[in-house]
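The values are calculated or read from the model by the stated rules, or taken from the named source; none is laboratory data. Please read all numbers here as calculations on a predicted model, not as lab measurements. Every residue, glycine as well, gets a Cβ built from its backbone with ideal geometry; the counts of neighbours run over all protein chains shown.
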Amino acid sequence: MYLRAILALFTIGFVNADVFFEDKFQNDNWQDEWVYSKHPGKELGKFVHSAGSFFNDAEADKGIQTSQDARFYAISRKFDGFSNEGKPLVVQFSVKHEQNIDCGGGYVKLFDCSLDQTDMHGDSPYEIMFGPDICGPGTKKVHVILSYKGKNHLINKDIRCKDDVFTHFYTLIVKPDNTYEVLIDNEKVESGNLEDDWDFLAPKKIKDPHAKKPEDWDDKATIPDPDDKKPEDWDKPQHIPDPDATKPEDWDDEMDGEWEPPMVDNPEYKGEWQPKQLDNPNYKGTWEHPEIDNPEHSPDDKLYLRKEICTLGFDLWQVKSGTIFDNVLITDDIELASKTAEGVKATQAGEKKMKELQDEVQRKKDEEESKQNKDKDDEDDDDEDEDNMESKNESEDNGHDEL
């Protein structure tokens, strides 16, 4: 009986786990299911189906790659709409900036079913924006932006993204208890509470608008000693004429004006005098403004809730193209997402091995080209020396003829 109950619970958990969307871009006809935006006024770039120039598996590592520099990219795919009410929401995908990206986005956006895919653009309302964004040395972050009551809210924490040229998995988990986790390559890099880490709600407490610091409140920890007097010999100038300076012998008062020695720091200068400080007997400490409950604060135990999600899009800008997106997964199964991302270490190892071989081949090629160029320069120098010698000999022969 006990075993049967355990099996029943296992079966229920298995059945209730859903994969709402998944695309590993293994099909050469991937474009049949994705829609390019035609929003006017933007130079829109195209994606190509590729595993890149270095990879672990030529077929399994194929994704969609940005292919044109200095372009906006806007492409999306629709799927059956769903709500994450009462269950986790997991958004996961892989990013490979093999072009050593200098400035560009690597994130995804999740939309509700109202999105016009052919007109998707930067101002199109979305439910979630998640993923890496890099622009110069100052911006290397993971965006986690959630919509709440029609307004986009950025996470209050700074999450650093990966900035190398290899594949990395990015995972966002939003749970029905209003907590979240961000993982990179299956390792947690940030977590917390939605209410604490986003400004969705008005603060619980505010400063009492009717409270004021009492007029007799003394918040000075020390006071000047009233009995301390400045010494009579205290005041000395900060700079004095250099006593060792002498008037130059070639100084002409009529031409150069009256000579004055240069000024130097006065070793007897003591600075501005200040009386000694004593503990203030009337000190009451720092006055703290009392707080009261904020009447505008309205608790919400469903900050996590996305009532409808049915479109995923890549809507981004890149200065230098070459980013590969792959392994897109939206599910409520945290374990499935974790298992899917487990292979990233093997993928990275294969990529690094191939790239190291490519770099070594390129290094030898560069060395050979450099050697050939040097040999050519030496030959040119030898030819030039021979030409100069011939010219010199001809000149000498002509001189003898004239004689």
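Taking P214, is it closer than 30 Å to A341 by Cβ and part of a loop (DSSP other than H, G, I, E, B)? So P214 does not fit the description; no. In the stretch 320-338, the qualifying residues are those that are of a type in the set (V, I, T) and either in contact with a Lys or Arg (Cβ under 8 Å, 6 or more places away or on another chain) or modelled with pLDDT under 95 (or both), and the one that is farthest from S83 (Cα to Cα) is T323. Looking across the stretch 248-296, the residues that are of a type in the set (D, E, K, R) and not in a loop (DSSP other than H, G, I, E, B) come down to D253, E254, D256, D265, D279, E291, D293. Which one of V35, V48 is at pLDDT 95 or above and more than 30 Å from Q358 (Cβ to Cβ)? Only one candidate passes the filter, namely V35.
Give the residues of the stretch 135-166 that are among the small types (G, A, S) and free of Cβ contacts under 8 Å to residues at least 12 places away in the same chain, sorted by residue number.
Answer for the stretch 135-166, where residues must be among the small types (G, A, S) and free of Cβ contacts under 8 Å to residues at least 12 places away in the same chain: just G138.
Of the residues T246, T179, which single one is hydroxyl-bearing (S, T, Y), in contact with a strand residue (DSSP E or B) (Cβ under 7 Å, 6 or more places away or on another chain) and modelled with pLDDT of 90 or more? Unique residue meeting the criteria: T179.
Here H97 meets each of (1) at pLDDT below 95; (2) touching a Phe, Trp or Tyr at 6+ places or on another chain (Cβ under 9 Å) with one exception, condition (1). Cβ separations smaller than 9 Å between residues 6+ apart or across chains give the following pairs from the stretch 297-314 residues that are surrounded by fewer than 21 Cβ atoms within 10 Å (Cβ to Cβ) to residues that are modelled with pLDDT under 95: H297/A202; H297/P203; H297/K204; H297/K205; H297/I206; S298/A202; P299/K204. Assessment of the stretch 227-241 against the conditions (surrounded by fewer than 10 Cβ atoms within 10 Å (Cβ to Cβ) and within 30 Å of E215 (Cα to Cα)) yields at least one matching residue. Residues in the stretch 107-131 that are within 14 Å of V182 (Cβ to Cβ) and either assigned to a loop (DSSP other than H, G, I, E, B) or touching a helix residue (DSSP H, G or I) at 6+ places or on another chain (Cβ under 8 Å) (or both): how many? Going through the stretch 107-131 one residue at a time, the tally reaches 1.
Filter the stretch 164-176 down to the residues that are more than 27 Å from L201 (Cβ to Cβ) and either modelled with pLDDT under 95 or not in a loop (DSSP other than H, G, I, E, B) (or both) and list them by number. T167, H168, F169, listed by residue number.
Output yes when any residue across the stretch 342-353 is crowded, with 17+ Cβ neighbours inside 10 Å, basic (K, R) and either under 26 Å from L154 (Cβ atoms) or in contact (Cβ under 8 Å) with a residue 24 or more places away in the chain (or both), and no when none is. Within the stretch 342-353, none of the residues are crowded, with 17+ Cβ neighbours inside 10 Å, basic (K, R) and either under 26 Å from L154 (Cβ atoms) or in contact (Cβ under 8 Å) with a residue 24 or more places away in the chain (or both). Restricting the stretch 160-188 to residues that are within 16 Å of the chain's Cα centre (by Cα) and either of a type in the set (G, A, S) or surrounded by fewer than 16 Cβ atoms within 10 Å (Cβ to Cβ) (or both), the residue that is nearest to F111 (Cα to Cα) is R160. Remark: pairs (first residue in the stretch 15-27, over 13 Å from D333 (Cβ atoms) and of a type in the set (K, R); second residue modelled with pLDDT of 95 or more and part of a loop (DSSP other than H, G, I, E, B); Cβ separation under 7 Å; 6+ apart in sequence or on different chains) are absent.
Each residue in the stretch 69-90 was checked for being farther than 30 Å from D300 by Cα and exposed (fewer than 15 other Cβ atoms within 10 Å of the Cβ), and 2 of them qualify. Just to be sure, is G81 among the small types (G, A, S), closer than 25 Å to P137 by Cα and modelled with pLDDT of 95 or more? The answer is no for G81.
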